[in-house]
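K.L.:
Quick one: structure below, then a few questions.
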Amino acid sequence: MENQIVEVINVTREVAWLPWAVQYFFLIGLSVGGVLLSLPGYAFARDEWRKLGRVALLVALTCGLAAPVALLSDLHQPGRFWHFYVVFRPTSWMWWGSIFIPFYVTGLLVYAWACFREELQEQGRVDSRLAALYRLAALGGGRNDGLIRATGLVVLAGAALVALYTGVEVAVVRARPLWHTPFLPVQFLMTALAGTTGLVLLLNRFAAGNDRTVEVQANRLLAGALGAVMVVGGVWLAAGLFGIERTHAEALDSVANSEAWRVTAIWAVAATVLPFVIAVAKPAGTGLLTGLIAVHSAWMFRWTVFIGGQTVPKTGAGFYEYALPAGPEGLLGIVGTAGLWLFLLLVITAFLPTPPQSAPRPVRAAPAADRAVAAE
Amino acid sequence: MDRSRRNFCLGAGAAGIGAATLATMPAEAAQARQGGDAARRWAMVVDVRKCVGCQACTVACIMENDVPENSFRTIVSTYEVTEQGKTGTYMLPRLCNHCEDAPCIPVCPTGATHQRQDGIVVVDNTVCVGCAYCVQACPYDARFINHDTQTADKCTFCVHRIDAGLLPACVETCVGGARVFGDLNDPNSAVSKLNRETDPKVLKPEQGTQPRVFYIGLDPKFQGKVDGTPTLWRPAREKEHV
Ligand code: SF4
Ligand code: SF4
């Protein structure tokens, strides 16, 4: 006999973590990924990773500077952000985040400065009106691998803490089965790495000299990251499908009957498998395509987790309706953050244009000498 | 006037004995609690069999607490249930459960959300930054962001009324006498008696939150996330759910 429940009256709870939060988690994830990808070339001075590392550093810097703005905007009382800093709330992962973020961003700025110091010094030698400014910014020095490595290790620690807190902060929310999984922090990190690599591919094309070797290298990395994304996603799905663990089964259950969620799932799989196949089969000449898909897929993952996750009622039937508002609570927030990121990219790349890549750089000897000094 | 609903006022003085079935709070949690009367543990028992679904409580709460449009601190979720060819209506008044082990508290990065010694979970909206972490952490969708104050908001058991010796507005107004409020620490209070005598249930017990809002006549189908069909609430919903 058919039993049926129709919900006649209930409340619709609106999304409380806004698209700003999606932007924050996206940008900070990409920034962390950028730091990781820049380390081999800079902190460990591996020449074959240097060019890719430079593009990754641009990703880390631009995303890392835009992210806190998005985070602040997600507070409904942004002017009270200092309230985080006058209490001790170790039980709250968000409180820890308020400590980790400034540490990470400061570390990132110092590390990026150490990495770019060589370029600043070179720019200071060019006969231009800004030369003095560059010399000032270089603080009278050039490439110093010891400094780069030291600051690199500090920012690596910051990046690890940020990756940890951003993942765990969401994963501890037991009230949302979709979030409450130990896989989530890993998924955030892996999709962030894929997104970073995607953005490296895009910036390599548009803002950093379109280098073929960087493209191939990045596409290989992308394939690796996407492979990891698929493995972790598969394990999560299996845990839910076969009822290995209750929360996972509940999570899957809460969305399994929704057409919209099924479409999202197919979309997510396609946006992972497609760039993976392309990146493996043809790593050269496809960077624009794989990069675009990878960036989009990293963003979609966060959109689905945060906005999609919040449309699942905790007690009510079915799903809450979500329509993207046009104002600062919605579209404007997304566009605004993207605009800020673009602005930062333009400023940074204008101040530090990609060094000419053909033939050894004319002033190469000088930093090499510095390096010798530093090594002593 | 229903004396049982007034019971908590009359029972003043008799305190200190916890209801046998209820776990006592851990010592460190007790220390962290601020304000309120430590001798009391306020609670509510909702007898869903008596609820007529009139939403008088919903309205009373809005008026009493100046709850903004489109937001609710309490609401009577109403369901049309068809079983074996028969159709009936099921009412479930929802509010903050003032959980003994409330997951909304530890996540709060500013300490704005805290629990009083009498068990009432409150938000200091002069401290709250509106990060909405607590909104995510509550398993009952009891919290929301109040767009007038831009801070977290939820049922307070009408704490301002309690402190003045009055009943919560919803209890005061309940037509069917479905909402009973009182002190669990007082063995003679109506809530304590109902707790002993009727073995009421709580929502989502598996979450381990130990709610202090109890339900008599709670159908297990409504204890967690309701598996049903939502109907029109906002007009925008029309296109969904074929
Ligand atoms: S019902 Fe929700 S808001 Fe109320 S105390 Fe429990 S967890 Fe906190
Ligand atoms: S919204 Fe306010 S009360 Fe809730 S967790 Fe954030 S600061 Fe605390």
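The values are calculated or read from the model by the stated rules, or taken from the named source; none is laboratory data. None of the values given here were measured: they were computed from a predicted structure. Heads up, the Cβs are rebuilt from the backbone with ideal geometry, glycines too, and the neighbour counts pull from every protein chain shown. Areas reflect the complete protein model, heavy atoms only, side chains present, ligands, DNA and RNA absent. Shrake-Rupley method; radii C 1.70, N 1.55, O 1.52, S 1.80 Å.
K.L.:
Report the residue count in region B:147-158 for those that are touching a strand residue (DSSP E or B) at 6+ places or on another chain (Cβ under 6 Å) and either closer than 18 Å to B:Gly35 by Cβ or open to solvent by less than 10 Å² (accessible area, probe 1.4 Å) (or both).
P.N.:
Of the residues in that region, 3 qualify.
K.L.:
Return the only residue of B:Phe157, B:Phe181, B:Phe144 being in contact (Cβ under 8 Å) with a residue 60 or more places away in the chain and at the interface with another protein chain (Cβ under 9 Å from one of its Cβ atoms).
P.N.:
Answer to the check: B:Phe144.
K.L.:
Going by the conditions given, is B:Gly165 open to solvent by less than 30 Å² (accessible area, probe 1.4 Å) and either in a loop (DSSP other than H, G, I, E, B) or farther than 26 Å from B:Pro220 by Cβ (or both)?
P.N.:
No.
K.L.:
Return the only residue of A:Val173, A:Val186 being open to solvent by less than 50 Å² (accessible area, probe 1.4 Å) and within 28 Å of A:Trp341 (Cβ to Cβ).
P.N.:
Residue meeting the stated conditions: A:Val173.
K.L.:
Could I ask something else about it? How many of the residues in region B:88-120 are within 16 Å of ligand 2 (Cβ to nearest atom), charged (D, E, K, R) and out of contact with any helix residue (DSSP H, G or I) (no Cβ under 9 Å at 6 or more places or on another chain)?
P.N.:
Selection size over region B:88-120: 0.
K.L.:
In the list A:Ala137, A:Ala67, A:Ala60, which residue meets the criterion of being surrounded by fewer than 19 Cβ atoms within 10 Å (Cβ to Cβ), more than 16 Å from ligand 1 (Cβ to nearest atom) and away from every other protein chain (no Cβ under 14 Å)?
P.N.:
It is A:Ala137.
K.L.:
Shifting gears a bit: Let me confirm something: among A:Arg89, A:Arg149, A:Arg80, A:Arg117, which residue is in contact with a Phe, Trp or Tyr (Cβ under 6 Å, 6 or more places away or on another chain) and either within 14 Å of chain B (Cβ to nearest Cβ) or in a helix (DSSP H, G or I) (or both)?
P.N.:
Going through A:Arg89, A:Arg149, A:Arg80, A:Arg117 in turn, the sole match is A:Arg89.
Yes/no matrix, rows are residues, columns are (1) more than 7 Å from ligand 1 (Cβ to nearest atom); (2) within 11 Å of chain A (Cβ to nearest Cβ); (3) charged (D, E, K, R):
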position	(1), (2), (3)
B:Thr87	yes, yes, no
B:Glu100	yes, no, yes
B:Pro103	no, yes, no
B:Thr110	yes, yes, no
B:Gln115	yes, no, no
B:Val123	yes, no, no
B:Tyr133	yes, yes, no
B:Tyr140	no, yes, no
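K.L.:
In addition: Assess whether A:Ser31 counts as being of a type in the set (Ser, Thr, Tyr), within 19 Å of the chain's Cα centre (by Cα) and within 14 Å of chain B (Cβ to nearest Cβ).
P.N.:
no
K.L.:
Let me ask something else. Kindly list the number of the only condition in (1) on the phi > 0 side of the Ramachandran plot; (2) modelled with pLDDT of 95 or more that fails for A:Gly140.
P.N.:
Of everything listed in (1) on the phi > 0 side of the Ramachandran plot; (2) modelled with pLDDT of 95 or more, A:Gly140 misses just condition (2).
K.L.:
Just checking, does region B:93-114 include any residue being surrounded by 20 or more Cβ atoms within 10 Å (Cβ to Cβ) and of a type in the set (Asp, Glu)?
P.N.:
Within region B:93-114, one or more residues are surrounded by 20 or more Cβ atoms within 10 Å (Cβ to Cβ) and of a type in the set (Asp, Glu).
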